[in-house]
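**Q** First, the structure itself, so that you have it in front of you.
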Amino acid sequence: MTREGDVDEDKRATLRRFAALGAASPFARFGDSGSESDAPDAIAGYVSAHPGTHFSKLRDDLKLGTGEAQHHLHRLENEAVVTSQKDGDYRRYFPAGQFSEFEQVALGYLRRSTARGMLVTLLRRPDVTASELASELDVSRPTVSNYAADLESAGLLSREDGYAVTEPETVLTLLIRYADSFGDDVAALAGEADSLLRYDP
């Protein structure tokens, strides 16, 4: 049986771990704020390591209460440490000033397992068909078609001649840079990065 003290200590350890990342960020400005909580720096560190994360994921991973997370995120946005954008039913958070609009949109979709799986597969196999994508990801053809339409509307995918990632180097760079924050499907991609990058002479 888990005791309340164990839960509190686990939360403190989690906050301290991400607070170290946040304190190292050039955007962190909380050393003289008078706050005794590690939460602001922890949130800044978490967002730095998981750009494009949504509110519920951040709150749950940092073991924060809803009101506590909302309070500190509001403060961080006011201090221009983090920024956010609405993404359907989610609000996604990013370190302020670090990503272009395209990169923010890309990171939002890369945080969705099916969309990420499609993009990863297309980076590895640019000639893959919709049927092969559905089989590879264990989803239906209509699901692939729906996600492809969403990705096209977001500017991440072209469907003019099959499926093609529109800015493959940018998407691949984001995947590799934040591989630890994505699922296992991205971990193996790091070793293949050199062969996947293609530059036009």
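The values are calculated or read from the model by the stated rules, or taken from the named source; none is laboratory data. Computed from a prediction, not measured in an experiment: that's the story for all the values here. For neighbour counting, all protein chains shown are included, and Cβ atoms are generated from backbone atoms with ideal geometry for every residue, glycine included. The area values use the complete protein model at the heavy-atom level, side chains included, leaving out ligands, DNA and RNA. Shrake-Rupley method; radii C 1.70, N 1.55, O 1.52, S 1.80 Å.
**Q** Would you please calculate the Kirkwood hydrodynamic radius of region 102-196 over all C-alpha pairs and express it in Å, rounded to one decimal?
**A** On the way: mean 1/r = 0.0762 Å⁻¹.
Kirkwood radius, region 102-196: 13.1 Å.
**Q** Taking amide H positions as placed in the peptide plane 1.01 Å from N, state which residues far from residue 91 in sequence (5 or more) or on other chains have amide H under 5 Å from it.
**A** 55
**Q** Shifting gears a bit: Hey, any idea what % of region 60-190's accessible area is carbon plus sulfur with a 1.4 Å probe? Please list the in-between numbers first.
**A** Values: 2680 of 6490 Å².
Of the solvent-accessible surface of region 60-190, carbon and sulfur hold 41 percent.
**Q** Can I get the semi-axes of region 55-171's equivalent ellipsoid? Compute them from the C-alpha gyration tensor as square roots of 5 times the eigenvalues, in angstrom, largest first. Can you show the working numbers first?
**A** Values: eigenvalues 200, 51, 22 Å².
In descending order, the three semi-axes are 32, 16, 10 Å.
**Q** Additional query: Between residue 188 and residue 158, how many nm apart are label points set 7 Å from Cα along the C-beta direction?
**A** My value for the distance between the label points is 2.8 nm.
**Q** For residue 172, what accessible area in Å² do you get when you roll a 1.4 Å probe over the heavy atoms of the protein chains, rounding to the nearest 10?
**A** 10 Å²
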